[in-house]
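Step one of this worksheet: look at the structure below.
Please treat every number below as a calculation from the coordinates, not as lab data. For clarity, every value in this text was computed on a predicted model and none was experimentally measured. Note: ideal-geometry Cβ built from the backbone for every residue, glycine included; neighbour counts use all protein chains shown.
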Amino acid sequence: MVSLAFFALTYSFLSWLALLAWRGLRFCSRWRRVSVNLLFGLRVLPFFLSTAITLLLVFPSFLLLEAHSMDEDLGTFVLSASAALLLGAGLYQVTATAAKTRRLVGECLEGARGLSADDATPALVSSQSVLPLMLVGIRVPKVLISEAAHELLSEGELRTALRHEVEHLRSRDNLKKVILSCIPFPGMAGLERAWQEATELAADDGAVSSREEALDLAAALIKLSRRFPSQAAPAFTTGLVSVPGSVATRVARLLAWKEDSAAAHNGWCYALPLAFAAVLGVAAKLGPVMLLMHSLTERLVP
């Protein structure tokens, strides 16, 4: 119970810091250039860091250093119940959303036929697809193309559009949507929406490697956005034109495409060594760290 209460406090505090960081980025005139990995990290780091501290430090420290008796007050009960409700809400949300997505995708796959493509990911043409192009599935991903989009796009436009969806697959964006659904927190909708917009920009950058391909993808976006009304993709899928308000920005970037603009910088190459060094440091001083966490928990949790 104390561990759950500590998790509630830590998760709330770190999420608040993440929201402050995000609001600071929004005031920057070039916030749209922020790395998609940074936005996803800001969203998920509070949960995973709070979980790691709770399971690896707080819970073991109380097992070893605290008397096994129930002497907690009402505040601890309230905080632990809040944490349990939050975790339960995440589990319910991801289960219900996965079932709904599975049902919608199953309806779209009815009568679908295969499309020969150069990419390893299978592409299917379906008359039942709710979106012109979308990536469905996590373990067995497929790119689903509506018959209308298949007839509307030229060969080059369709090829770059398929490559865009393959970039979503390589980034595991559908899986990341499942993770976000597991860790709900009030006030995070803006950050999650910004991350979705950034994933579309990143997939555009990965899909084109020449001026001609950039123009093909821009033409595909214009044709599909004009032909099909704006419609959100099913929760655990990604659609080519399913993020409201992002098509105009993406087309402008593609029309201004230059060879040096495709260069991407991966911030994880700097974050991973720091995280590994931090883990080694904590492991080297595990005893004192557990004593510190036990003392800190006694002060924070009523």
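If we sort 157-166, 231-240, 14-23, 135-144 on the protection proxy, mean other Cβ atoms within 10 Å, highest first, what's the order?
My ranking of the peptides, most packed first, is 157-166, 231-240, 135-144, 14-23.
Check cross-link reach from Lys258 to the lysines: straight Cα distance under 24 Å, and skip same-chain residues fewer than eight apart.
Lys223
How far apart, in nanometres, would the label points at Ile222 and Ser209 be if each is projected 7 angstrom from Cα along the Cα-to-Cβ direction?
For Ile222 paired with Ser209, the spin-label model returns 2.6 nm.
Using a simple spin-label model with points 7 Å from Cα along the Cα→Cβ vector, what separation in nm is obtained for Met1 and Ser35?
Reported label-point gap for Met1 and Ser35 is 4.3 nm.
What full-extension length gain, to one decimal in nm, is calculated for Ala21 and Leu175 as 0.36 nm per residue of separation minus the Cα-Cα distance?
53.0 nm
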